[in-house]
Amino acid sequence: MKVLVTGGAGFIGSHVVEKLIQENCQVVIVDNLSTGLMENIHKEANFIKMDIRSPELLELFLEEKFDYVIHLAAQTMVHKSLELPGYDCDVNVLGTVNLLEACRKTTVKRIVFSSTAAVYGDVTMLPVLETSPTVPTSFYGLSKLTCEKYLALYKKVYGLDYVVLRYANVYGERQGDGGEGGVISIFTRKIHQGEPVTIFGDGSQTRDFIYVGDIATANYQSLLTVHSGDIYNVSTQTEIDVNTLIDSMGKVSSKAVTKIYSQPRDGDIYKSSLSNAAAKQQLNWQPSMPLLDGLARTYQSLI
Ligand SMILES: NC(=O)c1ccc[n+]([C@@H]2O[C@H](COP(=O)([O-])OP(=O)(O)OC[C@H]3O[C@@H](n4cnc5c(N)ncnc54)[C@H](O)[C@@H]3O)[C@@H](O)[C@H]2O)c1
């Protein structure tokens, strides 16, 4: 099958492409290299440097006749969305609508959309279910939630099939500092350079860290599932507090780590863990990478 991966030069996209190629898919990447890197592009994929907002996207779809689209290209930074909500909306919402137009006018059987835990905002009941209230606290969360709603209406109006994946905090090889799981790459560099790591608050805040290879598998499984028009959290459903995370990184790096505690940041979520029961059941998927092994791989690749 022929799959278009938008954002395939990025952190998660490059792992999705690798998985698809392992599964003998024919892969085309569309990426404008705004945060993605040429060195992340798989040599067996066909790379097209293009913006997802480009009017030429439809022409590409007509020529290439994709079976599936995995859509990862996005403005991914929460703080940037707060500084530049119009830019975030342009890339994430209008870019996605441009892509959906190309999908519904051509041969695309299904689109898999990369969404985020940021659509939930501050939730007190853990683990967060897909049915929990969605009250985003950033324009990034809002733009992703808006795209989810566009997908639902495209299915209703044009019959375009879709799967939404809401990722927890993703980490792994080729990770940059800016995205949602970027804290691990920031800590890695600090630990490697023997510098202290700064923790906002007392380090008891938790996150649900999921290895990028498990995200790639969830995307592949989303092409195969018979369940369509659904939303799935992709997570470990395990809370890791920041102190434990840093101690684990100390273990895998065999380095002594100095922690500095500073004021908690406004707007940071205190605890986070997403239920993954639906993805396990309906995508025939489960997270397979233990945290220490995933951290070791990440550490080795980033130093
Ligand atoms: N990293 C995480 O923890 C996390 C968590 C939840 C959701 N996500 C989502 O997963 C997806 C991938 O994120 P990532 O962490 O790999 O980020 P990334 O920045 O590494 O990848 C995004 C890719 O999209 C490309 N891109 C951006 N704007 C584009 C445009 N207008 N046209 C074409 N290409 C464009 C970039 O060049 C980059 O290669 C995003 O949709 C993000 O919102 C990531």
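The values are calculated or read from the model by the stated rules, or taken from the named source; none is laboratory data. Computed from a predicted model, the values in this text were never measured in an experiment. Heads up, the Cβs are rebuilt from the backbone with ideal geometry, glycines too, and the neighbour counts pull from every protein chain shown. Side chains included, ligands, DNA and RNA excluded: accessible areas come from the protein's heavy atoms. Shrake-Rupley method; radii C 1.70, N 1.55, O 1.52, S 1.80 Å.
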Handout entry: I29 long-range amide H proximity, modeled H, under 5 Å
Key = V5, N46, F47, I48
Fill in the blank from the handout: Nearest 10, in degrees from 0 to 90: the angle of helix 212-224 to the longest Cα principal axis of the chain is 30
Problem - Helix 139-158 axis, angle to the chain major axis (alpha carbon atoms, nearest 10°) - result: 30
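Using per-residue counts of other Cβ atoms within 10 Å, averaged over each peptide, order 127-133, 215-221 from highest down. Don't skip to the answer; put the middle values down first.
Values: 127-133: 16.4, 215-221: 23.7.
Those peptides, ordered most packed to least, come out 215-221, 127-133.
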Handout entry: Charge tally in the Cβ shell below 12 Å around F113, where Lys, Arg are +1 and Asp, Glu are -1, F113 excluded
Key = +2
Practice task
Quick one: Debye curve from the alpha-carbon atoms of region 78-144 only, equal weights, vacuum; give me log10 I(q)/I(0) at q = 0.14, 0.15, 0.23, 0.26 Å⁻¹ to two decimals.
Solution key: -0.52, -0.59, -0.97, -1.06
Fill in the blank from the handout: Heavy-atom accessible area per residue of the chain, all protein chains kept, 1.4 Å probe, expressed in Å², is 45
Exercise for the section: Please tell me the relative contact order of region 186-253 in percent, rounded to the nearest whole number, where contacts are Cα pairs under 8 Å and at least six residues apart. Expected result: 48
Practice task
Apply the Karplus parameterisation 6.51 cos²θ - 1.76 cosθ + 1.60, with θ equal to phi minus 60°, to every residue of region 97-105 and state each ³J(HN,Hα) to the nearest whole Hz, in sequence, with x for glycine and proline.
Solution key: 5, 4, 5, 5, 4, 5, 5, 6, 8
Handout entry: For region 193-303, size of Cβ-based charge dipole, Lys and Arg +1, Asp and Glu -1, in debye
Key = 200
Completion exercise
For region 47-194, the percent of accessible surface on carbon and sulfur atoms (probe 1.4 angstrom, ligands and nucleic acids excluded) is 58
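Please identify the chymotrypsin sites (Phe, Trp or Tyr not before Pro) of region 16-114 that satisfy two criteria: DSSP loop assignment and at most 16 other Cβ atoms within 10 Å. Which are they? Don't jump to the answer; show the numbers that get you there.
Details: sites: F47, F61, F66, Y68, Y87, F113; in loops: F66.
Here no loop site has a sparse enough neighbourhood.
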Problem - Phi to ³J(HN,Hα) by Karplus 6.51 cos²θ - 1.76 cosθ + 1.60 over region 190-201, Hz, x for Gly, Pro - result: 4, 4, 4, 7, x, 8, x, 9, 9, 10, 7, x
Completion exercise
For the pair L94 and L224, the simple spin-label estimate (label points 7 Å beyond Cα toward Cβ) gives in nm 3.9
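Is region 119-163 rounded, prolate or oblate when judged by the Cα gyration tensor, a ≥ b ≥ c being the square roots of its eigenvalues, rounded requiring a/c under 1.5 and prolate requiring a/b larger than b/c? Spell out each step's value before the answer.
Numbers: a/c = 3.81, a/b = 1.85, b/c = 2.06.
Since a/c reaches 1.5 but b/c is at least a/b, the shape of region 119-163 is classed as oblate.
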Practice task
Report, in debye and to the nearest 20, how large the dipole of the chain comes out about its Cα centre when Lys and Arg carry +1 and Asp and Glu carry -1 on their Cβ.
Solution key: 280
Practice task
Over region 43-170, calculate the relative contact order: mean separation of alpha carbon pairs under 8 Å at least 6 apart, over the residue count, as a percent.
Solution key: 30
Problem - Residue-by-residue Karplus 3J(HN,Hα) for region 249-266, coefficients 6.51, -1.76, 1.60, Hz, glycine and proline x - result: 5, x, 4, 6, 8, 6, 10, 6, 10, 9, 9, 10, 9, 10, 4, x, 8, 4
Problem - Debye intensity ratio in log₁₀ form over the Cα atoms of the chain, taken at each q of 0.07, 0.11 Å⁻¹ - result: -0.25, -0.63
Problem - Sequence-separation-based contact order of the chain, relative, with Cα cut under 8 Å and 6+ spacing, percent - result: 18
Problem - Computed E for M1/Y270 - FRET, C-beta separation, R0 45 angstrom, nearest 0.05 - result: 0.60
Practice task
Report the FRET efficiency, 1/(1 + (r/R0)^6), for L126 and R53, where r is their Cβ-Cβ distance and R0 is 35 Å, rounded to 0.05.
Solution key: 0.45
Exercise for the section: With a/c under 1.5 counting as rounded, go ahead and sort region 246-303 into rounded, prolate or oblate using the C-alpha gyration tensor (a ≥ b ≥ c being the square roots of the eigenvalues; past the cut-off, prolate if a/b is larger than b/c, else oblate). Expected result: oblate
Completion exercise
The answer for V112, listing residues at least 5 apart or on another chain whose modeled amide H is closer than 5 Å to its amide H, is V69, I70, H71, V163
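Please state, rounded to one decimal and in Å, the Kirkwood hydrodynamic radius that region 1-108 gives when every pair of distinct Cα atoms enters the mean of 1/r.
Details: mean 1/r = 0.0719 Å⁻¹.
Final number for the Kirkwood radius of region 1-108 is 13.9 Å.
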Practice task
Note the angle between two axes, namely the Cα long axis of helix 291-302 and the longest principal axis of the Cα atoms of the chain, as a number of degrees from 0 to 90, rounded to the nearest 10.
Solution key: 80
Problem - Bridge type composition, the chain - antiparallel percent by DSSP, nearest 5 - result: 5
Handout entry: Area of K190 that stays accessible when all protein chains are in place (1.4 Å probe, Å², to 10)
Key = 70
